[in-house]
Each structure stands twice: as structure tokens, then as C-alpha cells.
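Just so it is clear, none of the values below were taken in a lab; they were calculated from the coordinates. All values derive from a computational prediction rather than experimental measurement. Heads up, the Cβs are rebuilt from the backbone with ideal geometry, glycines too, and the neighbour counts pull from every protein chain shown.
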Amino acid sequence: MAGGIAHSLATTLLLWALGWLGASVIGLYARAGELWRSFWFMSGLWGLIDGLIAWYVLVGGPRAPAELLPVLRLNAGLDILYVAAGAALLGRGTPLLRGFGLAVLVQGAFLLALDGTFWRLCTRAAE
């Protein structure tokens with residue numbers, strides 16, 4: 001089961017990443033406005049980075065829940081910062097910054113939910 005949690009986490013993150021990469025390609029061509037182009041561009045970057053992280057975890061072999069806990073704790077803290085930074089950018093005046101802010105807010109909120117869910121699963125499995 002130990003490798004199962006890490007595998008599930010990485011698979012979920014990879015599917016999220018691939019979905020956003022695909023949506024970003026379509027969104028960049030479908031939306032001409034600066035806000036939406038910046039949203040899709042930033043979302044695509046997050047999808048690329050999330051996909052690389054997921055791939056690294058998948059090829060890295062099984063990890064025990066106790067090994068994942070410190071990483072998930074750190075990630076949850078970073079996710080809160082992402083949400084706050086996204087909200088701050090969303091309140092800015094330029095469409096470019098608002099688009100970036102919306103993307104960071106969406107990605108950060110999902111990652112916070114993902115990391116929180118797997119933090120809880122790892123805590124239960126490590127007991």
C-alpha cells in the first residue's frame with residue numbers, strides 16, 4: 001500500500017497536468033483577450049511543471065507514507081502562498097496580471113486540496 005499512495009498522488013497530478021496542458025493549447029488559440037491569453041499561458045506552464053513532478057514521482061519508485069508526509073506538509077504551505085499570490089495578482093489593474101492571478105489561484109487551490117487529501121491518507125497509513 002505504501003507505493004500505492006505515492007502512485008495515486010502522482011497519477012492524479014499527471015492527469016491534472018495533462019488536462020491543463022491540453023486545455024491551455026486550445027485556450028491560447030480560442031481566446032484573443034489579454035486576460036485569457038495570460039490565464040491559459042500560465043495554466044500551461046503549471047501543467048508542464050506539474051507533469052514533470054508527477055513523472056519524477058512515478059519513475060522514482062515506491063515511497064512510504066512517512067516519506068511523503070514532510071513533502072506534503074511543505075507543499076500545503078506553498079499551496080497557501082500560491083492561493084494568496086493568485087488572489088493578490090487577481091486584484092491588480094492590468095489584464096495580464098489578472099489572468100496570471102486567476103491561473104495561480106486555480107492551480108494553487110487544486111494543489112492545496114490534493115496535498116491535503118494525500119496528507120490525510122498518508123497520516124492514516126503511517127499510524
Next on the checklist: Helix 65-90 against the longest principal axis of the chain: what's the angle in degrees, Cα atoms only, rounded to the nearest 10?
Outcome noted: 10
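What is the sum of charges around residue 50, taking Lys and Arg as +1, Asp and Glu as -1, for the other residues whose C-beta is under 13 Å from the C-beta of residue 50?
Details: positive: none; negative: 79, 115.
Once positives and negatives cancel, what remains is -2.
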Item to check | Net charge, residue 10 excluded, C-beta distance under 14 Å - Lys, Arg +1, Asp, Glu -1 | outcome: -2
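Can you compute the helix-only [θ] at 222 nm over the chain? Use -39500 (n - 2.57) per DSSP H run of at least 4 residues, normalise by all residues, nearest 500 deg cm²/dmol.
Numbers: 4 runs with 113 residues, N = 127.
-32000 deg cm²/dmol, from helical runs alone.
Would you tally the net charge around residue 39, using a Cβ to Cβ cut-off of less than 13 Å, leaving residue 39 out, and scoring K and R as +1, D and E as -1?
On the way: positive: 31, 37, 98; negative: 34.
Local charge sum for residue 39: +2.
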Item to check | Listed residue (86, 12, 108) projecting farthest to the positive dipole end of the chain, Cβ model | outcome: 86
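Could you tell me the relative contact order of region 2-126? Use alpha-carbon pairs under 8 Å, at least six residues apart, and round to a whole percent. Please list the in-between numbers first.
On the way: 176 pairs, mean separation 40.6, N = 125.
So the answer I get is 32 percent.
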Checklist entry - Between residue 123 and residue 64, what is the spin-label point distance in nm, taking each point 7 Å from the Cα along the Cα→C-beta axis? => result 2.0
Checklist entry - Based on Cβ point charges of +1 for Lys and Arg and -1 for Asp and Glu, what charge dipole magnitude is obtained for the chain about its Cα centre, in debye rounded to the nearest 20? => result 220
Next on the checklist: Can you give me the angle between helix 95-126 and the longest principal axis of the chain, using Cα atoms only, in degrees from 0 to 90, rounded to the nearest 10?
Outcome noted: 10
Item to check | residue 26-residue 74 FRET efficiency (beta carbon distance; Förster radius 30 Å; 0.05 resolution) | outcome: 0.35
Checklist entry - Angle, helix 2-30 long axis vs. longest principal axis of the chain, Cα atoms, 0 to 90°, nearest 10? => result 10
Checklist outcome for this item: Of the candidate values (i) 0.95; (ii) 1.01; (iii) 1.04, the one computed for Rg/Rh (Cα atoms, Kirkwood Rh) from this structure is (iii)
Next on the checklist: Going by Cα centres, region 76-93 and region 1-66 are how many Å apart?
Outcome noted: 18
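Peptides 120-126, 44-50: what's the order by average Cβ count within 10 Å, highest mean first? It would help to have the intermediate numbers written out before the result.
Numbers: 120-126: 15.6, 44-50: 18.6.
Sorting 120-126, 44-50 by mean packing, highest first, produces 44-50, 120-126.
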